[in-house]
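S.K.: My questions will all concern the structure given below.
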């Protein structure tokens, strides 16, 4: 049985040690209203280091925006080192879309542009406050199916929960007392006007993908159900197609021995 309270303290200490060793004064976390950013921002707050939590709406679904604010209010009420910030990037995004209009940019590329605008804003805040951007990606997203935007939410300085499965993040969230509204909300990346969930995009639940991620490391089984085979196919397809995000950037080596 995992002691999630101890793990939470260990991760918070790890964040703190990194910041102190590098002479950093501020932790910056983008808060979306989801469980990953809720847990990450809480772990950051627990360090006692100045923590700026940023809500960055881009024509955001009202429910997602309100959830982020509810979590931020909870953080501020519990930790005196937490500061709230709102950066509305809707006009910036609209200007970018207008400038890209002649390029016939796809809907997916524009969705990813939202994540990259948020990354730019977070690094601007961190760079102006002797701080770092604390990543919110979990193990399934970061190392399983690559479900994140390259140089968007994948552009961070440290990743404190990237070795936690999604189920681990929920377990830790419950242990930390994260508000019920966040724990019960359907996971979503908040990049689409129609409010589609992560499950809508992936074609499987995180529980199923987590199973497939673990299953893929075991010898092949012949007793899988039709649904299990489909989920395994989804996992393997996404793992392969998104490997460019998860693998090191290819570098042509002129001096291969150096």
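S.K.: So residue 129 fits all but one of (1) part of a helix (DSSP H, G or I); (2) surrounded by 15 or more Cβ atoms within 10 Å (Cβ to Cβ); (3) over 20 Å from the mean Cα position of the chain (by Cα); what number is the exception?
M.R.: Only one criterion in (1) part of a helix (DSSP H, G or I); (2) surrounded by 15 or more Cβ atoms within 10 Å (Cβ to Cβ); (3) over 20 Å from the mean Cα position of the chain (by Cα) is unmet by residue 129, namely (1).
S.K.: Of these, 106, 92, which one is surrounded by 12 or more Cβ atoms within 10 Å (Cβ to Cβ) and either without any contact (Cβ under 8 Å) to a residue 40 or more places away in the chain or out of contact with any strand residue (DSSP E or B) (no Cβ under 7 Å at 6 or more places or on another chain) (or both)? Show your work before the answer.
M.R.: Working: 106 fails: surrounded by 12 or more Cβ atoms within 10 Å (Cβ to Cβ).
The conditions single out 92.
S.K.: Okay, next question. Kindly establish whether residue 157 is touching a helix residue (DSSP H, G or I) at 6+ places or on another chain (Cβ under 7 Å) and either within 16 Å of residue 189 (Cα to Cα) or surrounded by fewer than 21 Cβ atoms within 10 Å (Cβ to Cβ) (or both).
M.R.: Working: touching a helix residue (DSSP H, G or I) at 6+ places or on another chain (Cβ under 7 Å): no; either within 16 Å of residue 189 (Cα to Cα) or surrounded by fewer than 21 Cβ atoms within 10 Å (Cβ to Cβ) (or both): yes.
When the stated conditions are applied, residue 157 does not pass them.
S.K.: Then there is this: Please give the number of the condition residue 70 fails out of (1) out of contact with any strand residue (DSSP E or B) (no Cβ under 9 Å at 6 or more places or on another chain); (2) surrounded by 18 or more Cβ atoms within 10 Å (Cβ to Cβ); (3) over 20 Å from residue 117 (Cβ atoms).
M.R.: Among (1) out of contact with any strand residue (DSSP E or B) (no Cβ under 9 Å at 6 or more places or on another chain); (2) surrounded by 18 or more Cβ atoms within 10 Å (Cβ to Cβ); (3) over 20 Å from residue 117 (Cβ atoms), the lone unmet condition for residue 70 is (2).
S.K.: Can you pull out every residue in region 204-246 that is part of a loop (DSSP other than H, G, I, E, B) and modelled with pLDDT under 95? Break it down into steps so the answer makes sense when it comes.
M.R.: First, pick out the residues of region 204-246 that are part of a loop (DSSP other than H, G, I, E, B): 204-205, 216-225, 242.
Residues satisfying the conditions are 216, 217, 218, 219, 220, 221, 222, 223, 224, 225.
S.K.: Spot the failing condition for residue 118; the list is (1) surrounded by 16 or more Cβ atoms within 10 Å (Cβ to Cβ); (2) not in a helix (DSSP H, G or I), and only one is missed.
M.R.: Evaluating residue 118 over (1) surrounded by 16 or more Cβ atoms within 10 Å (Cβ to Cβ); (2) not in a helix (DSSP H, G or I) leaves (2) as the failure.
S.K.: Here are some residues: 240, 245, 220, 253. Which one is over 19 Å from residue 168 (Cβ atoms) and either surrounded by 15 or more Cβ atoms within 10 Å (Cβ to Cβ) or touching a helix residue (DSSP H, G or I) at 6+ places or on another chain (Cβ under 8 Å) (or both)? Before the answer, list the steps.
M.R.: Details: 240 fails: either surrounded by 15 or more Cβ atoms within 10 Å (Cβ to Cβ) or touching a helix residue (DSSP H, G or I) at 6+ places or on another chain (Cβ under 8 Å) (or both); 220 fails: either surrounded by 15 or more Cβ atoms within 10 Å (Cβ to Cβ) or touching a helix residue (DSSP H, G or I) at 6+ places or on another chain (Cβ under 8 Å) (or both); 253 fails: either surrounded by 15 or more Cβ atoms within 10 Å (Cβ to Cβ) or touching a helix residue (DSSP H, G or I) at 6+ places or on another chain (Cβ under 8 Å) (or both).
So the residue among 240, 245, 220, 253 that is over 19 Å from residue 168 (Cβ atoms) and either surrounded by 15 or more Cβ atoms within 10 Å (Cβ to Cβ) or touching a helix residue (DSSP H, G or I) at 6+ places or on another chain (Cβ under 8 Å) (or both) is 245.
S.K.: A follow-up question, please. Checking residue 68 against (1) within 18 Å of the chain's Cα centre (by Cα); (2) farther than 28 Å from residue 236 by Cβ; (3) touching a residue at least 40 places away in the same chain (Cβ under 8 Å), which single condition isn't satisfied?
M.R.: Checking residue 68 against (1) within 18 Å of the chain's Cα centre (by Cα); (2) farther than 28 Å from residue 236 by Cβ; (3) touching a residue at least 40 places away in the same chain (Cβ under 8 Å), the one that fails is (3).
S.K.: Can you tell me which residue among 29, 2, 53 is outside any helix (DSSP H, G or I), farther than 23 Å from residue 194 by Cα, in contact (Cβ under 8 Å) with a residue 40 or more places away in the chain and in contact with a strand residue (DSSP E or B) (Cβ under 9 Å, 6 or more places away or on another chain)?
M.R.: On the way: 2 fails: in contact with a strand residue (DSSP E or B) (Cβ under 9 Å, 6 or more places away or on another chain); 53 fails: in contact (Cβ under 8 Å) with a residue 40 or more places away in the chain.
After ruling out the rest, the residue left standing is 29.
S.K.: List pairs: first in region 218-245 and closer than 17 Å to residue 205 by Cβ, second modelled with pLDDT of 95 or more and in a helix (DSSP H, G or I), Cβ under 6 Å, 6+ apart or cross-chain?
M.R.: 231/208; 231/212; 232/212; 235/209; 235/212; 238/145; 239/145
The values are calculated or read from the model by the stated rules, or taken from the named source; none is laboratory data. Since we're looking at a predicted model, the values are computed, not measured. Glycine also receives a Cβ, built like all others from the backbone with ideal geometry; neighbour counts cover every protein chain displayed.
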